[in-house]
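The values are calculated or read from the model by the stated rules, or taken from the named source; none is laboratory data. All values reported here derive from a predicted model rather than from experimental measurement. Heads up, the Cβs are rebuilt from the backbone with ideal geometry, glycines too, and the neighbour counts pull from every protein chain shown.
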Amino acid sequence: MKKLLLVLLLGIFFGEVYGQDARARLESQRKQLQQEIVQINGMLQKNKSQKADALESLEDLFLKIDRLRELLRLTNRQINGLTSQINSNQAKITALEEELEILKEDYASMIVKSRKNASQQNRLMFLFSSDNFWQAIKRVRYMNQYAAYRKQQGENIAKKTKTLRELNETLTAQKTVKEELLADNRKVQVQFQQERKKQEKVIQNLRSNESKYAAQIKKKQRQTAKIDKEIDRLIREAIAASNKKGGTKNVSFALTPEAKALAASFTANKGRLPWPVRKGVVIQKFGTQRHAVVRTTTIKSNGVTIATSPGTKARAVFEGTVLNIVQFQGSNPIVLIQHGSYVTAYKNLASVSVQKGDKVVSKQEIGTIFTNPTTQRTTLQFSVFYNTTPKNPAEWIFQMR
C-alpha cells in the first residue's frame, strides 16, 4: 500500500510539473500569436487609410489568415492537452477515493478491536500469559508494531485526503481554463471564417491581376538578389583579409583565440538570441518558398522580413564588431556585424548609428529602420550567415517562428 501511494504521488508530482511546463510553453506561444494578429490588424487598418501597395495589402490579409489558423491549431492543442489532464486527474481521484474508503474501513476495524482490548489489565494478561520470556518480548514487539501500524494508517488517510483535495482543486482550475479556451476559440473561429470569405473574394479578383503581381514580385526578387550578391562579396572579402592576415588560405574566417571563443558563445546561444527589434512580426520566412498570394511564383529569402512600427530601432542580436556598412544605388543602408565565424545582416535602415570597426553589445541600437513614405510600412530584413552560408534566423532567435 505504501509503495502504491508513493508511485501515485510521484506520478501526480512529475505529471503536474511536466504538464505545467508544457502548458506554459503553449500559452506563451498563444499570446505571441495574439500579439502578432494585433500587429497585422494594425497593418491592414493602415493599408485602408494610406495609399497602400495592393500586393502588400493582400500579403497582410493572407498572413493574418495564416496566423489565425495557427492560433486555432495551438488553442486546440491546449484544449486537447487539458482534456487529457482532466481525464487523468479524474481517474486518479476515483482511484484515491476507492483506496481511501478501504483505508478508512481497515482503520475503523482496528479501532473497534483495539477498544475491546484497550484496558491495561487485558494488555498485562496478554503479556503474563506468555509461555516464556522470549514469547513475552515478541508480544511486546507485536503490541508496539500494531500501535505504530495504526498510527501509520491514520497518517496515510490524512495524506490521501490532502492529495484528494489538491487534485479536486486542480481539476476545478483545469476545467475553468478549458472553458475559457473554448470561448476564445469560438471567437477566433468566427474571425477566421470572416477572413476566409474575404480571401475567397480576393482570390477571384487575383486571377485577373496575377501577371501584374507576379511581375512586381520578380522585380523585388531581382533587387533582393542584387543586395544578397553584394553582401556575399563583402563577407568573402573579409574572409580573404582574415586569411591573409593569419597567413592561411581557407574559405572560412581565420579566427584569433578571442574570435573563436566569441563564435562558440554565439553557437551556444542558438535559439536564445534576442530579436533584432523590440517588437515585430515575421511577414516573410527564410528559404525558397511559394509566394503567399501568387502561388505560381517562387521567392527566395536569405533571411526573414520583420514588420514593425515606424521609428523602431534595429538592435544587434549579439556582441561583435561592425564588419561593414553597405549602401549602394537602389538600396537603403545595411549593417553587417561579425561574431567570430558568424555574420548578422540588418537591411533596410533609414539611418545608421554605428561605424565600421565599432564594438557592439547585445541589444545595442545600431540604426533606425526605414519606413516607406507611401505605404507607411516599416520592415527590417534580417539574416544570419555562417561564413558565407545563410542560416535560418528562426532557429537562432528566441521564439521566432
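If you check Lys218, Lys201 for being closer than 30 Å to Val335 by Cα and surrounded by fewer than 16 Cβ atoms within 10 Å (Cβ to Cβ), only one passes: Lys218. Which one is modelled with the highest pLDDT among residues in the stretch 35-79 that are more than 21 Å from Ile203 (Cβ to Cβ), more than 28 Å from the chain's Cα centre (by Cα) and among the basic types (Lys, Arg)? Filtering first and then ranking leaves Lys46.
Here Gln204 does not fit the description of being in contact (Cβ under 8 Å) with a residue 60 or more places away in the chain and either assigned to a helix (DSSP H, G or I) or not aliphatic (A, V, I, L, M) (or both). Of the set (1) hydrophobic (A, V, I, L, M, F, W, C); (2) within 20 Å of Thr388 (Cα to Cα); (3) touching a Phe, Trp or Tyr at 6+ places or on another chain (Cβ under 8 Å), all apply to Ala241 but (3). Evaluate the stretch 357-375: report whether one residue or more is free of Cβ contacts under 8 Å to residues at least 12 places away in the same chain, in a strand (DSSP E or B) and exposed (fewer than 15 other Cβ atoms within 10 Å of the Cβ). Looking through the stretch 357-375, none of the residues is free of Cβ contacts under 8 Å to residues at least 12 places away in the same chain, in a strand (DSSP E or B) and exposed (fewer than 15 other Cβ atoms within 10 Å of the Cβ).
At pLDDT 95 or above and in the same structural domain as Ala263 (by TED's automatic domain parsing), is that true of Val352?
Answer is yes for this residue.
Could you list, in sequence order, the residues of the stretch 239-254 that are of a type outside the set (D, E, K, R) and either free of Cβ contacts under 8 Å to residues at least 24 places away in the same chain or crowded, with 18+ Cβ neighbours inside 10 Å (or both)?
Residues of the stretch 239-254 that are of a type outside the set (D, E, K, R), as a first pass: 239-243, 246-248, 250-254.
Correct list: Ile239, Ala240, Ala241, Ser242, Asn243, Gly246, Gly247, Thr248, Asn250, Phe253, Ala254.
Has the stretch 305-321 got any residue that is surrounded by fewer than 19 Cβ atoms within 10 Å (Cβ to Cβ), more than 25 Å from the chain's Cα centre (by Cα) and over 26 Å from Leu55 (Cα atoms)? Yes - at least one qualifying residue is present in the stretch 305-321. Phe253 meets all of the listed conditions (1) part of a loop (DSSP other than H, G, I, E, B); (2) modelled with pLDDT of 95 or more; (3) hydrophobic (A, V, I, L, M, F, W, C); (4) out of contact with any Ser or Thr (no Cβ under 7 Å at 6 or more places or on another chain) but one, namely (4).
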